[in-house]
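For reference, the structure is listed below as structure tokens.
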Amino acid sequence: MADLAGEGFALGSVEAAAIEAGVPVVRLTGEIDISNAEPIGEALEGIVGRDARRVVVDVEGLEFMDSAGIAMLLRTAARVDAVEIRHPSEVMRRIIECTGLTGIFRMTD
């Protein structure tokens, strides 16, 4: 698990949770904003790897994510064929829907 933050910055983490039918499942927790989105994104890329075609991102433990976090997820989506967002909060679901990103991120409960 990579806990990434600095003094006065958001505390967020990314960790490999499982492999389901050859698909990496990663868990995002805490807060992701401009202060930590880049290193969390780099850690996410390291977990997903170069050969993954799909990825599941479990956000059940995510308390906050700003546009930098969405951009981080979009960079991941650009590298794979499909991204599933698992357990999005109602706010996150609405943001993805309102920004027209439902064609990129499939959301599941």
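The values are calculated or read from the model by the stated rules, or taken from the named source; none is laboratory data. Because the structure is predicted, anything quoted here is derived from the model rather than measured. Cβ: placed from backbone, ideal geometry, glycine included. Neighbour counts: every protein chain shown.
Annotations
- Taken together, the residues in the stretch 1-19 that are modelled with pLDDT under 95 and of a type in the set (D, E, K, R) amount to 2.
- Test for ALA37: is it closer than 17 Å to ARG93 by Cα, without any contact (Cβ under 8 Å) to a residue 60 or more places away in the chain and in contact with a helix residue (DSSP H, G or I) (Cβ under 7 Å, 6 or more places away or on another chain): no
- If the condition is being among the polar types (S, T, N, Q) and either over 28 Å from ASP51 (Cβ atoms) or buried (at least 16 other Cβ atoms within 10 Å of the Cβ) (or both), then the stretch 80-109 contributes SER89, THR99.
- Residue within the stretch 46-53 that is within 19 Å of PRO88 (Cα to Cα) and surrounded by 14 or more Cβ atoms within 10 Å (Cβ to Cβ) present: no
- Test set (1) of a type outside the set (Ser, Thr, Tyr); (2) at pLDDT 95 or above; (3) at negative phi - GLY30 fails condition number: (3)
- Consider the stretch 49-66 and keep the residues that are touching a helix residue (DSSP H, G or I) at 6+ places or on another chain (Cβ under 9 Å) and more than 22 Å from ASP109 (Cβ to Cβ). The one that is modelled with the lowest pLDDT is ARG50.
- Leading residue by the ranking (farthest from MET107 (Cα to Cα)) among those in the stretch 19-37 that are exposed (fewer than 14 other Cβ atoms within 10 Å of the Cβ) and not hydrophobic (A, V, I, L, M, F, W, C): GLY22
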